[in-house]
Amino acid sequence: MPENMPENMPENDLVVVTDLRKTYGATVAVEDVSLTVHPGEIFGILGPNGAGKTTTVESIAGLRTPDGGTVRVDGLDPRKHRTEITSLIGVQLQASELPDRLKAWEALELYASFYPSPADPADLLERLGLTKVRNTAFAKLSGGQKQRLSIALALIGNPKIAILDELTTGLDPQARRDTWELVKQIRDSGVTIILVTHFMEEAEYLCDRIAIIDAGRVVALDTPAGLVEAARSEQRITFRVPGELDDAILKALPAVNSVQREGDRMVVTGNDDLLVAVVTELSGRGLAPVGLHTEQTTLDDAFLALAGRNFEGAER
Ligand code: ADP
């Protein structure tokens, strides 16, 4: 995204999701999601499994009908303008599978035939490093090659927006890195990217802005640096106390946001006055904290601070 692009200008919003809600029977997949995607950015949708990420992007692509709220893509309602939306958005679906014997170039030619002005299949094969395996059957491709082919299929219609869902799941570290570079190149070629991921590192490395979704809601939306900064403004200290201490005593301090116990350590978060407030309270009670330290903030901590629990293994 150009450095000086003004933030939050309505005319900059390529995708506008407002108060999206989607249920499946008794399951609330998306409770309330609002977000905007600017042209030219890599927009990350990050959250644990079951958070509602796929339902959100499939609603953007017009593949699901929301129960509430609105979705606009380039000003269009995806449910009402199917043809235009299909040309506007290229979707790489999760675990995209093709018939085993279909060759790479055949898959691209086939998909190209669905679009009014497709990209050149040979060109895409070259860009995605698949020219050498153009005659290889889908089943014989490596995991990384299958993944690159599914990205090529998302791009074959010359879309303005590409939705990439869990694109590096199952890839080895080198193939993951290669895919990341590829995604950056695609963005640099002018395609806006919505990237669904549950990998913190991937979101942090690739995305211009990230919406963190948890339990069907956006808990934060900012640049990776902004998210870390927001969590940093929440201080986090850990220590042991020699003796009994009721959590409620610390919770009652105005500087404290949360008190948790990890084994015999106390983990306390709060504002800038946290350290002084806690140490003063403890010493007033004749307790000296042992092994006290403040911790470095990462995107993981941002998630903890925003969602109130650890990201890894966080399931609904
Ligand atoms: P994520 O992509 O973040 O893993 P999903 O959007 O796939 O989350 O799913 C959100 C919730 O909705 C989960 O509890 C999931 O089981 C449920 N869900 C998703 N799709 C369906 C469906 N077609 N029918 C019933 N439940 C669904």
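The values are calculated or read from the model by the stated rules, or taken from the named source; none is laboratory data. Computed from a predicted structure; not experimentally measured. Please note: Cβ atoms are built from the backbone with ideal geometry, for glycine as well, and neighbour counts cover all protein chains shown. To get the accessible areas, we keep the full protein, side chains included, count just its heavy atoms, and leave off ligands, DNA and RNA. Shrake-Rupley method; radii C 1.70, N 1.55, O 1.52, S 1.80 Å.
Here are the numbers:
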{"read-out": "Filter result for Arg217 (modelled with pLDDT under 90 and under 17 Å from the mean Cα position of the chain (by Cα))", "value": "no"}
{"read-out": "Helices (runs of 4 or more DSSP H) wholly inside the stretch 166-276 containing at least 3 residues that are of a type in the set (Val, Ile, Thr) and at negative phi", "value": "173-188"}
{"read-out": "Residue within the stretch 44-55 that is more than 8 Å from the ligand (Cβ to nearest atom) and not aliphatic (A, V, I, L, M) present", "value": "yes"}
{"read-out": "The lone exception for Leu171 - which of (1) crowded, with 21+ Cβ neighbours inside 10 Å; (2) of a type in the set (A, V, I, L, M); (3) touching a Ser or Thr at 6+ places or on another chain (Cβ under 8 Å) it fails", "value": "(1)"}
{"read-out": "Residues located in the stretch 212-232, provided they are more than 17 Å from Val37 (Cα to Cα), within 16 Å of the ligand (Cβ to nearest atom) and either among the aliphatic types (A, V, I, L, M) or not assigned by TED's automatic domain parsing to the domain that holds Thr197 (or both)", "value": "Ala215"}
{"read-out": "Given (1) within 15 Å of the ligand (Cβ to nearest atom); (2) open to solvent by less than 30 Å² (accessible area, probe 1.4 Å), index of the condition Gly40 fails", "value": "(1)"}
{"read-out": "Hey, Thr86 away from the ligand (no atom under 12 Å from the Cβ) and assigned to a helix (DSSP H, G or I) or not", "value": "yes"}
{"read-out": "Criterion violated by Asp74 - all others in (1) of a type outside the set (A, V, I, L, M, F, W, C); (2) within 21 Å of Ile161 (Cα to Cα); (3) within 16 Å of the ligand (Cβ to nearest atom) satisfied", "value": "(3)"}
{"read-out": "Answer from Glu202, Glu234 - the residue that is under 21 Å from Gly90 (Cβ atoms) and either surrounded by 18 or more Cβ atoms within 10 Å (Cβ to Cβ) or within 14 Å of the chain's Cα centre (by Cα) (or both)", "value": "Glu202"}
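One line per residue, one yes/no per condition, for (1) closer than 21 Å to Ala302 by Cβ; (2) among the hydrophobic types (A, V, I, L, M, F, W, C); (3) touching a helix residue (DSSP H, G or I) at 6+ places or on another chain (Cβ under 9 Å); (4) touching a residue at least 40 places away in the same chain (Cβ under 8 Å):
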position: Arg217; (1), (2), (3), (4): yes, no, no, yes
position: Ala220; (1), (2), (3), (4): yes, yes, yes, yes
position: Pro224; (1), (2), (3), (4): yes, no, yes, yes
position: Leu227; (1), (2), (3), (4): yes, yes, yes, yes
position: Arg261; (1), (2), (3), (4): no, no, yes, no
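Okay, residues lined up against (1) away from the ligand (no atom under 16 Å from the Cβ); (2) within 18 Å of the chain's Cα centre (by Cα); (3) at pLDDT 80 or above; (4) surrounded by 12 or more Cβ atoms within 10 Å (Cβ to Cβ):
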residue	(1), (2), (3), (4)
Thr269	yes, no, yes, yes
Glu281	yes, no, yes, yes
Leu287	yes, no, yes, yes
Ala302	yes, yes, no, yes
Asn310	yes, yes, no, yes
Gly313	no, yes, no, no
